[in-house]
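**Student:** Next up is a structure, given as structure tokens.
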Ligand code: COA
């Protein structure tokens, strides 16, 4: 059965925090952050709900559909506004949706997990689904901890996907999780994000490459056919290492982490929207979406634009 992307939307807070801003209060520097991560600035502010509402409303407008046309809302978030209720019903109410709404926590693979869930919901009879990734990571960052403060940021991205009998844009999907690596990246109740950066880096490259190769094989597509890579935006060096191992030129990868940092579930739709507005999404071409995150979770999918 066919699935088609009908519209996209994004939202980032207005407040820009540069590397130099962070260097004023932390033992770090613009040179270190830029060289080791590729991040130059990030956006801080909002809530998972407020950013999700904005990105979701823009995706509905871009798709040209009304709230009543949406059969399900799947929200990917690592940073729900409250433990309960989930943030998705609150976003749904604000958008005027009357459909079921739920949160999915796949950490930085969250948007991919939500997309795969939505694809399955279309297969079981729904017509049109709003998928949102929205994060308020800054709330759970210890701003005295340079390890996390230089990386994480806030933002949201959304897509409307729908059943289509004539075309199919999602050719393959490979998800994975390994809870034995759970302690590499955590945030306890009432605590802050903590990470073993080196180990996350090492395993991230491995799981991205492995899942991408499986997704490519499932789709019957070779690496050289991939015109666009939309990777999770954690560290430019992870994107470089993964694309190199996959044999895909780095120029084909979308990079927005220089402007937005790591926005977890929001980073893939933020990157995709940037590629789209720069004319990089072309009918008939293949794209690879790939991400990884705490859990550890990972996910890769091959798309072909109708
Ligand atoms: N500013 C300045 N110096 C810093 C620093 C910072 N923010 N963080 C660490 N350093 C220092 C270290 O103390 C170390 O100093 P030393 O050589 O005197 O001991 C040096 O910089 C190198 O630190 P290291 O931890 O080896 O850096 P790295 O190259 O591994 O980069 C990360 C650190 C976190 C940027 C990198 O490991 C990474 O991106 N990992 C993956 C994280 C990730 O993707 N997380 C999200 C998952 S969704």
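**Student:** What are the extents of the Cα atoms of the chain along their three principal axes, in Å, largest first?
**Tutor:** 56, 44, 38
**Student:** For the pair residue 217 and residue 258, what calculated FRET efficiency results from E = 1/(1 + (r/R0)^6), where r is the Cβ-Cβ distance and R0 = 35 Å, to the nearest 0.05?
**Tutor:** After rounding to 0.05, the efficiency reads 0.65.
**Student:** With the contact rule set at Cα under 8 Å and sequence spacing of 6 or more, what percent relative contact order holds for the stretch 39-122?
**Tutor:** It comes to 31 percent, rounded to a whole number.
**Student:** Fully extended, how many nm does the chain gain between residue 188 and residue 1 (0.36 nm per residue separation, minus their Cα-Cα distance)?
**Tutor:** Stretched out fully, the residue 188 to residue 1 stretch lengthens by 63.3 nm.
**Student:** Could you pull out which residues in the stretch 273-306 have an amide N less than 12 Å from a spot 7 Å beyond the Cα of residue 165, following the Cα-Cβ vector?
**Tutor:** none
**Student:** Further question: Does the stretch 238-290 come out rounded, prolate or oblate by the C-alpha gyration tensor, with a ≥ b ≥ c the root eigenvalues, rounded set by a/c under 1.5 and, if not, prolate when a/b is larger than b/c and oblate if not?
**Tutor:** The shape class here is oblate.
**Student:** Moving on. What is the distance in Å between the Cα centres of the stretch 183-261 and the stretch 34-90?
**Tutor:** Distance between centres, Cα-based: 21 Å.
**Student:** Rank by packing, highest mean first: peptides 114-126, 229-241, with packing defined as the count of other Cβ atoms within 10 Å averaged across residues.
**Tutor:** Answer by packing, highest mean first, reads 229-241, 114-126.
**Student:** Separation between the residue 20 and residue 225 pseudo-spin-labels, each 7 Å from Cα along Cα→Cβ, expressed in nm?
**Tutor:** It is 4.8 nm.
**Student:** Modelled label-to-label distance, residue 40 and residue 278, 7 Å Cα→beta-carbon offset: nm?
**Tutor:** 1.2
**Student:** Hey, rough spin-label estimate for residue 31 and residue 240, points 7 angstrom out along Cα→Cβ, what's it come to in nanometres?
**Tutor:** Going by the 7 Å Cα→Cβ label model, 1.7 nm.
**Student:** Relative contact order for the stretch 202-277: what is it in percent, counting Cα pairs under 8 Å that are at least 6 residues apart?
**Tutor:** 33
**Student:** If you don't mind, there's one more thing I want to ask. At a 10 Å Cβ-Cβ cut-off, how would you order 260, 286, 192, fewest neighbours first?
**Tutor:** Arranged by neighbour count, lowest to highest, 260, 286, 192 become 192, 286, 260.
Quick note: the coordinates plus some simple rules give every number you see, no bench work behind them. Keep in mind that this is a model prediction, so the values were computed, not measured. No Cβ is skipped: glycine too gets one built from the backbone with ideal geometry, and neighbour counts run over all protein chains shown.
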